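Here is the structure we will look at, set down as structure tokens.
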There are 2 protein chains.
Amino acid sequence: MSRKPTLALVGATGAVGTVMRELVSTRDDIWGEIRLVASARSAGKLLQVRGEDVVVQALTPEVFDGVDIAIFDVPDEVSAEWVPIAASRGPIVIDKSGTFRMDPDVPLVVPEVNPRDAFNRPRNIISTPNCTTLSMMAGIGALHAEFTLKELVVASYQAVSGAGVAGPARLYDEIEALAGDRTVGSTVGDVRKALANKLSDDSPFPAPIAFNVIPWAGSYKEGGWASEELKLRNESRKILGIPDLKVSATCVRVPVVTTHSLAVHARFEREITVADAHRILEAAPTVVLVDDPQNGVWPTPIDVVGTDPTYIGRIRQAVDFPNTLDLFVCGDNLRKGAALNAAEIAELVASEL
Amino acid sequence: MSRKPTLALVGATGAVGTVMRELVSTRDDIWGEIRLVASARSAGKLLQVRGEDVVVQALTPEVFDGVDIAIFDVPDEVSAEWVPIAASRGPIVIDKSGTFRMDPDVPLVVPEVNPRDAFNRPRNIISTPNCTTLSMMAGIGALHAEFTLKELVVASYQAVSGAGVAGPARLYDEIEALAGDRTVGSTVGDVRKALANKLSDDSPFPAPIAFNVIPWAGSYKEGGWASEELKLRNESRKILGIPDLKVSATCVRVPVVTTHSLAVHARFEREITVADAHRILEAAPTVVLVDDPQNGVWPTPIDVVGTDPTYIGRIRQAVDFPNTLDLFVCGDNLRKGAALNAAEIAELVASEL
């Protein structure tokens, strides 16, 4: 392509959209025009991209005319309606929603793991995974490439910003309402009672999140599963290209602002040692090994938030399970977990326009 | 025994000791004299038991003379020295520390699971498990009794009070230092920086715990394991009487004041359904089933803290793993996880004095 490609960011005003504008402003500037698109309510607003004010445009079919690549970060139902419209007007659409991830004609891409899938897109749509799945994919994908993954048992420690901008706002509200009470959290229901006196019930979470953990993320699915847990299973299978991968996950929300963590128990086809894992992960692009527990070195959310890589530590060879590692992963759910992966797909696709 | 037995509480001033005094004051009053014992520093202090002031006595060999049952909740090294001394002066000693748990001549008892073991005690000592192990034992033990447990993969969400009274104090300090800053936790290292300006480095935790999770609990063990993770493995095997039980655990500290939670992936010898688990856990003493996710019903720490039972919810039949359940458990680490289990063992033993 002789001219620089035109990029549209749809959902530019949201939590991920904000990180996306920051990313396209700080990464290699491969883009010509960058259009910011949002709901009619936000149209006309000025937002900064690459140090310049850009007027937000309303979501219409015409806004995609002349666009080469469009990144959508909007609710599932908005994607369901608008992604096909956008794709029919010309641009390759990279969609962050859950709508098209399991569509057999839509590739689900993590550039470190399955970049070639981005070039087989019958519907002109590429999907990017759920943030919880993404948190571990670069690292698990690198281990799988050499040792062949068979099983994953995962427990998550998910940040509140995974629920959108309302998530951190609610956590800060609850923390402010409870701070200074040096007994709160020590008798049954005291957190609920203290919050009821000070805050509205209007929370993006189904229970108080300050001083608490909530074993629920997403919507109800058959068998008692939360949608987030099944996404982690189904998306891992599709990205890694292992249709019979065994996966069980329990997803839990924790009072962390941004950065998802996962405790992962991973069985491979053959024996894998901690030294093997260190060698592979040290060489894996976008993965940072943080694993020296004897010296107190392992990743935590506050030490990695706002940065791009996936951080992996606490790698142990399971004592009782053959060919199995236990490990702990942290990744910023708004960057690699969302905006960054979409930006990387866009750059990958733009390189072949 | 014609007279009521004499009980000694050693470590009466600590976090668990405080709950222990509350428990013996509110449960069936089977005790004659109750002696409170602590370090020489606390001797002479007045503490309430059963509504009366009792003078704390210093830890000496003589303080155990005439005592029938002594409950120790002191650091490992104090137990190592003093538990054998106490046991040699007559009382049956129930020890909460890690010192004697794996001693083949010391039973490790959870009254709901292996009560008979309490009556086979060659050293006159009974040990009570680590709080993380205890959080799940009553429920897992009930399922094992009917379906025979083979494997456990566990990830923990451990409360700060598991680190003693300094744990909640530090969490409250950090929360107070950070409350009001509505961006904290969103850029790398900002929590550490904000705390460094306001608090001393003197924390019971190896990293900030407010707005964070820490994948470390206990001391370093070979292979990169944390002591807490190996305790969960070894103690589960001993309590359940399954010497070849396969266990992998990842222990993570979370900013919750009190009540440990566990995500448990449990494989049994034969097929077990959610309905089977519901039937068994509804009938299990000291277990409360809280499992109706379609209506937002599952346990969370703030909804169960300060109460005695183990709460279990999110029970799912694993989609890809045969004979396997995934579930979520919450239990107050200072009650069933510590003081309550010791009190129950004391009552069990006292019944046969």
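The values are calculated or read from the model by the stated rules, or taken from the named source; none is laboratory data. Please read all numbers here as calculations on a predicted model, not as lab measurements. Neighbour counts are summed over all protein chains in view; Cβ atoms, including those assigned to glycine, are modelled from backbone coordinates with ideal geometry.
Among (1) surrounded by 24 or more Cβ atoms within 10 Å (Cβ to Cβ); (2) closer than 19 Å to A:Pro301 by Cα, which single condition is A:Tyr172 missing?
(1) is the only condition that A:Tyr172 fails.
Does region B:192-199 contain at least one residue that is free of Cβ contacts under 8 Å to residues at least 60 places away in the same chain, surrounded by fewer than 24 Cβ atoms within 10 Å (Cβ to Cβ) and in the same structural domain as B:Asp303 (by the TED database)?
Checking region B:192-199: not a single residue is free of Cβ contacts under 8 Å to residues at least 60 places away in the same chain, surrounded by fewer than 24 Cβ atoms within 10 Å (Cβ to Cβ) and in the same structural domain as B:Asp303 (by the TED database).
Scan region B:235-251 for residues that are more than 7 Å from chain A (Cβ to nearest Cβ), within 20 Å of the chain's Cα centre (by Cα) and crowded, with 18+ Cβ neighbours inside 10 Å and jot them down.
B:Glu235, B:Ser236, B:Arg237, B:Lys238, B:Ile239, B:Leu240, B:Ala249, B:Cys251
On the basis of being assigned by the TED database to the domain that holds A:Val319, buried (at least 20 other Cβ atoms within 10 Å of the Cβ), at pLDDT 95 or above and not hydrophobic (A, V, I, L, M, F, W, C), does A:His278 make the cut?
No, not satisfied.
List the strands (runs of 3 or more DSSP E) that sit entirely inside region A:82-180 and contain at least 2 residues that are within 22 Å of B:Val319 (Cα to Cα) and out of contact with any helix residue (DSSP H, G or I) (no Cβ under 9 Å at 6 or more places or on another chain).
Passing ranges, in order: A:149-157.
Exactly one condition in (1) of a type outside the set (D, E, K, R); (2) free of Cβ contacts under 8 Å to residues at least 24 places away in the same chain; (3) crowded, with 22+ Cβ neighbours inside 10 Å is not met by A:Gly296; state its number.
Only one criterion in (1) of a type outside the set (D, E, K, R); (2) free of Cβ contacts under 8 Å to residues at least 24 places away in the same chain; (3) crowded, with 22+ Cβ neighbours inside 10 Å is unmet by A:Gly296, namely (3).
Would you pick out the residues in region A:254-284 that are assigned to a helix (DSSP H, G or I) and either under 30 Å from A:Ala163 (Cβ atoms) or facing another protein chain (nearest Cβ under 7 Å) (or both)?
Across region A:254-284, the qualifying residues are A:Val274, A:Leu281.
Checking B:Val288 against (1) more than 10 Å from every other protein chain (Cβ to nearest Cβ); (2) in contact with a Pro (Cβ under 9 Å, 6 or more places away or on another chain); (3) more than 30 Å from A:Lys193 (Cβ to Cβ); (4) of a type in the set (Val, Ile, Thr), only one condition comes out false. Which one?
(3)
Take the conditions not assigned by the TED database to the domain that holds A:Phe72 and not charged (D, E, K, R) and apply them to A:Phe119. Does it pass?
Spelling it out, it is not the case that A:Phe119 is not assigned by the TED database to the domain that holds A:Phe72 and not charged (D, E, K, R).
Just to be sure, is B:Val254 under 20 Å from B:Gly331 (Cβ atoms) and of a type in the set (A, V, I, L, M, F, W, C)?
Taking the combined requirement at face value, the residue satisfies it.
Mind checking whether some residue in region B:124-136 is over 30 Å from A:Thr324 (Cβ atoms), surrounded by fewer than 24 Cβ atoms within 10 Å (Cβ to Cβ) and without any contact (Cβ under 8 Å) to a residue 24 or more places away in the chain?
No, the conditions are met nowhere in region B:124-136.
This table checks each residue for (1) touching a residue at least 24 places away in the same chain (Cβ under 8 Å); (2) under 20 Å from A:Leu348 (Cβ atoms); (3) touching a strand residue (DSSP E or B) at 6+ places or on another chain (Cβ under 8 Å); (4) hydroxyl-bearing (Ser, Thr, Tyr).
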{"residue": "A:Thr6", "(1), (2), (3), (4)": "yes, yes, yes, yes"}
{"residue": "A:Gly11", "(1), (2), (3), (4)": "yes, no, yes, no"}
{"residue": "A:Arg21", "(1), (2), (3), (4)": "yes, yes, yes, no"}
{"residue": "A:Thr26", "(1), (2), (3), (4)": "no, yes, no, yes"}
{"residue": "A:Asp29", "(1), (2), (3), (4)": "no, yes, no, no"}
{"residue": "A:Ile34", "(1), (2), (3), (4)": "yes, yes, yes, no"}
{"residue": "A:Val37", "(1), (2), (3), (4)": "yes, no, yes, no"}
{"residue": "A:Ala40", "(1), (2), (3), (4)": "no, no, yes, no"}
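One residue is enough: does region B:340-353 have a residue meeting the conditions aliphatic (A, V, I, L, M), within 14 Å of chain A (Cβ to nearest Cβ) and buried (at least 21 other Cβ atoms within 10 Å of the Cβ)?
no
Condition check ((1) within 18 Å of A:Asp68 (Cβ to Cβ); (2) in contact with a strand residue (DSSP E or B) (Cβ under 6 Å, 6 or more places away or on another chain)) across all residues:
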| position | (1), (2) |
| --- | --- |
| A:Val110 | no, no |
| A:Asn114 | no, no |
| A:Phe119 | yes, no |
| A:Pro122 | no, no |
| A:Ile126 | yes, yes |
| A:Met136 | no, yes |
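Taking A:Gly90 and the conditions (1) at pLDDT 95 or above; (2) more than 15 Å from the chain's Cα centre (by Cα), which numbered condition does it fall short on, given that it satisfies the others?
All conditions pass for A:Gly90, except number (1).
Residues to consider are A:Gly17, A:Gly51; find the one that is at pLDDT below 90, under 30 Å from A:Thr259 (Cα atoms) and in contact with a helix residue (DSSP H, G or I) (Cβ under 9 Å, 6 or more places away or on another chain).
Exactly one of A:Gly17, A:Gly51 is at pLDDT below 90, under 30 Å from A:Thr259 (Cα atoms) and in contact with a helix residue (DSSP H, G or I) (Cβ under 9 Å, 6 or more places away or on another chain), namely A:Gly17.
Condition first: at the interface with chain A (Cβ under 9 Å from one of its Cβ atoms), more than 15 Å from B:Leu134 (Cβ to Cβ) and either polar (S, T, N, Q) or assigned to a strand (DSSP E or B) (or both). Now tell me which residues in region B:296-317 satisfy that.
B:Thr300, B:Gly313, B:Arg314, B:Ile315, B:Arg316, B:Gln317
Look at region A:31-81 and say how many of its residues are of a type in the set (Phe, Trp, Tyr) and closer than 19 Å to A:Thr18 by Cβ.
Residues meeting the conditions: 2.
Here is a check on your reading of the model: is A:Phe205 outside the structural domain of A:Cys251 (by the TED database) and in contact with a strand residue (DSSP E or B) (Cβ under 9 Å, 6 or more places away or on another chain)?
Taking the combined requirement at face value, the residue satisfies it.
Within region A:200-226, how many residues are of a type in the set (Gly, Ala, Ser) and either in contact (Cβ under 8 Å) with a residue 60 or more places away in the chain or at the interface with chain B (Cβ under 8 Å from one of its Cβ atoms) (or both)?
5
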